[in-house]
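See below for the structure under consideration.
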Number of protein chains: 2
Amino acid sequence: MVHAETWAELALERLRRESGRSGTARREVVELLGRHDCCVSALELHDALRARGSRVGIASVYRTLEGLDRSGLVERVDLGDGIARFEPARGDEHHHHHFLCDDCGKVEPFADPALEAALERLAGGSGFAVDAHDVVLRGACGDCRAPVT
Amino acid sequence: MVHAETWAELALERLRRESGRSGTARREVVELLGRHDCCVSALELHDALRARGSRVGIASVYRTLEGLDRSGLVERVDLGDGIARFEPARGDEHHHHHFLCDDCGKVEPFADPALEAALERLAGGSGFAVDAHDVVLRGACGDCRAPVT
DNA sequence: CCAGCCGATGAGAACGGGTATCATTATCGC
DNA sequence: GCGATAATGATACCCGTTCTCATCGGCTGG
Ligand SMILES: [Zn+2]
Ligand SMILES: [Zn+2]
Ligand SMILES: [Zn+2]
Ligand SMILES: [Zn+2]
């Protein structure tokens, strides 16, 4: 493989190709996002960058995420709390969905082949051209369930 | 059954029991929502009511929906566009999920036993107490796919 | 290497769905 | 009817996200 690149390097190169320019904010956001395996919000990214001394503006965080989304480089995750979260799109082998604890807000990723198979079968048999699907499970996590034992 | 009621009548009675009072706004919202089988937004309900001459305030719409949600009388549907939608909870036999067209915004409900089975198996085998799940399929609907034929 | 073009950036205003507040209205037990 | 009190509606507010615009800075022609 000539391009033994990380997701971050690949994403940066792809973004650069679109406009012919690069920039510091973009690079910082992409590199930080690249260290995550599961979803992060724009505000979390912004706060983390500012905490380490960066001067990135929140607008640049959103702009970068929007660009990544347009190019299919991130997955947009909506857990129903009105906050958009993003995670690097690393391909089918990393595809997963999320469990959300209603009590403590913890987010846990999970993958299930049977679920994916059911979704694919469903997509194929419908009159729609399905190109994405989201699944969110809600309930109580191990720490929060049965606190009165 | 003594109470051969519609969903709207049942919901109104249940809400009334919680506070001992009834009101016009509440009744209008519940009755209108009861005529829907699939998801509607608070604004859509409000607009429809005002259009027919009602003086309901948007706050009452949200308050009613919140009360219905607390009592499990509605399903809260999140399609990822930042707008909360609601549909009457009429029981398992009416349980369904949604397909959303990215082009025209059309929402189409669907039900699939295999999908539900996969979700139940998944919930049982996890360390979580899953009590709700959401599935959203996204893509192009029949009208919007292959416009160049 | 330099000047200058033009996209990228950041501060802050604007936007919009949803919530909180509060004075007023309407319901229910008496 | 009367009073206590929940329900209501107008509106201020909150907060995540998007828009605006003056400035900055990466790239390219010279
Ligand atoms: Zn994830
Ligand atoms: Zn928890
Ligand atoms: Zn529906
Ligand atoms: Zn469509």
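Tabulated values for the structure
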read-out: Residue in the range B:68-83 that is within 16 Å of ligand 1 (Cβ to nearest atom) and within 14 Å of chain A (Cβ to nearest Cβ) present; value: yes
read-out: Pairs with Cβ under 8 Å, 6+ apart, first in the range A:91-102 and in contact (Cβ under 8 Å) with a residue 40 or more places away in the chain, second within 16 Å of DNA strand D (Cβ to nearest atom) and not in a loop (DSSP other than H, G, I, E, B); value: A:97/A:134; A:97/A:136; A:98/A:77; A:98/A:107; A:98/A:136; A:99/A:107; A:99/A:136; A:101/A:107
read-out: The range A:115-148: number of residues that are within 16 Å of ligand 3 (Cβ to nearest atom) and touching a residue at least 40 places away in the same chain (Cβ under 8 Å); value: 2
read-out: Scan of the range B:11-44 for residues that are touching a residue at least 40 places away in the same chain (Cβ under 8 Å) and hydrophobic (A, V, I, L, M, F, W, C), ordered by number; value: B:11, B:15, B:33, B:38, B:39, B:40, B:42, B:43
read-out: Residue list for the range A:16-31, filter: open to solvent by less than 90 Å² (accessible area, probe 1.4 Å), over 17 Å from the mean Cα position of the chain (by Cα) and either closer than 15 Å to residue A:70 by Cα or among the hydroxyl-bearing types (Ser, Thr, Tyr) (or both); value: A:19, A:22, A:24
read-out: Test result for residue B:105, modelled with pLDDT under 95 and within 13 Å of chain A (Cβ to nearest Cβ); value: no
read-out: Residue match in the range A:40-63 (condition: within 16 Å of ligand 2 (Cβ to nearest atom) and in contact with a Lys or Arg (Cβ under 8 Å, 6 or more places away or on another chain)); value: no
read-out: Qualifying positions in the range B:115-128 - of a type in the set (A, V, I, L, M) and at pLDDT below 95; value: B:122, B:123
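Here's the yes/no breakdown for (1) out of contact with any Gly (no Cβ under 9 Å at 6 or more places or on another chain); (2) at pLDDT 95 or above:
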site	(1), (2)
A:4	yes, no
A:11	no, yes
A:26	no, yes
A:32	yes, yes
A:40	yes, yes
A:46	no, yes
A:78	no, yes
A:98	yes, yes
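The values are calculated or read from the model by the stated rules, or taken from the named source; none is laboratory data. The model shown is predicted, which means the values in this text are computed figures rather than measured ones. Because the Cβ atoms are built from the backbone with ideal geometry, glycine has one as well, and the counts that use them run over all protein chains shown. For accessibility, only protein heavy atoms count, side chains too; no ligands or nucleic acids. Shrake-Rupley method; radii C 1.70, N 1.55, O 1.52, S 1.80 Å.
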